[in-house]
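S.K.: One structure, pasted below without further comment.
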Amino acid sequence: MRYGSDHKAETRARVVKSAAREIRLKGPEKVSVADVMGSAGLTHGGFYAHFASKEALIAEAIDSMFADLAHRSFAFDKAMVDELADPRPALRKFLGSYISPAHRDEPERGCPLPALATDMARNSDVARTRYANGLEKLVARIEAALVRMGNANPAEEARAAVSQMVGAVALARAIGKGPQSDAILRDTLSSLTKRLDI
């Protein structure tokens, strides 16, 4: 059977999407090529037609996860383009979405920073570099908003904010749903919005 020219690219994208979901849920070490290919509705044997190694797939999946995050927070970036708009409401909405029970409860769709934080130290340099690049892009997005708001220390505040965001979601997931988990999210969001004056 002959496939169209886009078939290989579409199949590869399907594998990457499947890998991103599985890696977020289980961590890169616990995900096998067979798991990913099965989740994508493909056979294990076809994997090497698309990727040189599992490490290459993990690196590409990490890029895909950060692209998903950027896509889901498009409204935040759009608000940053309008130089006349006050960035505070967009930043407040972005933080509220990130530091939320919904984000906590859907790790398979969420930001890779809290999902993979403990795994990256044991992963390949390529995967760690992709993770670090994604982190820096998120910090830069927050920093750009803080610069527009006239924050005195935008780079430092952005790094601290992202660290709090990621830490809150990771801790809330670690202890599971419940009053303590909800309090971590609520208190972190409240602290950040007060400190950043949003």
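Read-outs: derived from the displayed coordinates by stated rules, not from any lab. Source: prediction; values computed, not measured. Here the Cβ is made from the backbone with ideal geometry for all residues, glycine too, and neighbour counts use every protein chain on show.
S.K.: If neighbour count is taken as other Cβ atoms inside 10 Å, put Thr188, Thr193 in order from fewest to most.
M.R.: Neighbour counts put them in this order, fewest first: Thr193, Thr188.
S.K.: Find which of Ser181, Leu135, Ser100 sits farthest along the positive direction of the dipole of segment 61-184, computed with +1 on the beta-carbon of Lys and Arg, -1 on that of Asp and Glu, about the Cα centre.
M.R.: Ser181
S.K.: Okay, moving on. Under 16 Å Cα-Cα from Lys8, which aspartates and glutamates qualify once same-chain neighbours fewer than 8 residues away are excluded?
M.R.: Glu60
S.K.: Same structure, new question: Given C-alpha coordinates of segment 54-195, what is the ratio Rg to Rh with the Kirkwood estimate of Rh?
M.R.: With Rh from the inverse mean 1/r over Cα pairs, Rg/Rh is 0.97.
S.K.: If I take R0 = 30 Å and measure r between the Cβ atoms of Ala144 and Ala34 in this structure, what FRET efficiency does the formula 1/(1 + (r/R0)^6) give, to the nearest 0.05?
M.R.: Result of the calculation: an efficiency of 0.10.
S.K.: Comparing Ala172, Ala19, Ala75, which has the greatest mean-square fluctuation in the GNM of the chain with Cα pairs linked when under 10 Å apart?
M.R.: Ala75
S.K.: Could you tell me which GluC sites (Glu not before Pro) in segment 63-144 are loop residues by DSSP with no more than 16 other beta carbons within 10 angstrom of their beta carbon?
M.R.: Glu83, Glu108
S.K.: Classify segment 72-148 as rounded, prolate or oblate from the Cα gyration tensor: take a ≥ b ≥ c as the square roots of its eigenvalues, call it rounded if a/c is under 1.5, otherwise prolate when a/b beats b/c and oblate if not.
M.R.: Judged from the Cα gyration tensor, segment 72-148 comes out oblate (a/c at least 1.5, b/c at or above a/b).
S.K.: With an 8 Å Cα cut-off and a minimum separation of 6 or more residues, compute the relative contact order for the chain in percent.
M.R.: Contact order relative to length: 23 percent.
S.K.: Taking the Cα centre as origin and putting +1 on Lys and Arg beta-carbons and -1 on Asp and Glu beta-carbons, what dipole magnitude results for segment 7-163, to the nearest 20 debye?
M.R.: The dipole of segment 7-163 has a size of about 260 debye.
S.K.: Sequence gap of 8 or more, or different chains, plus Cα separation below 19 Å: how many lysine pairs satisfy both in segment 54-195?
M.R.: Details: Lys78/Lys93; Lys78/Lys137; Lys93/Lys137; Lys93/Lys194.
Taking segment 54-195 as the scope, the lysine pair count is 4.
S.K.: Rounded to the nearest 0.05, what FRET efficiency is calculated for Arg186 and Arg12 with R0 set to 35 Å and r the Cβ-Cβ distance?
M.R.: Once the sixth-power term is evaluated, E becomes 0.30.
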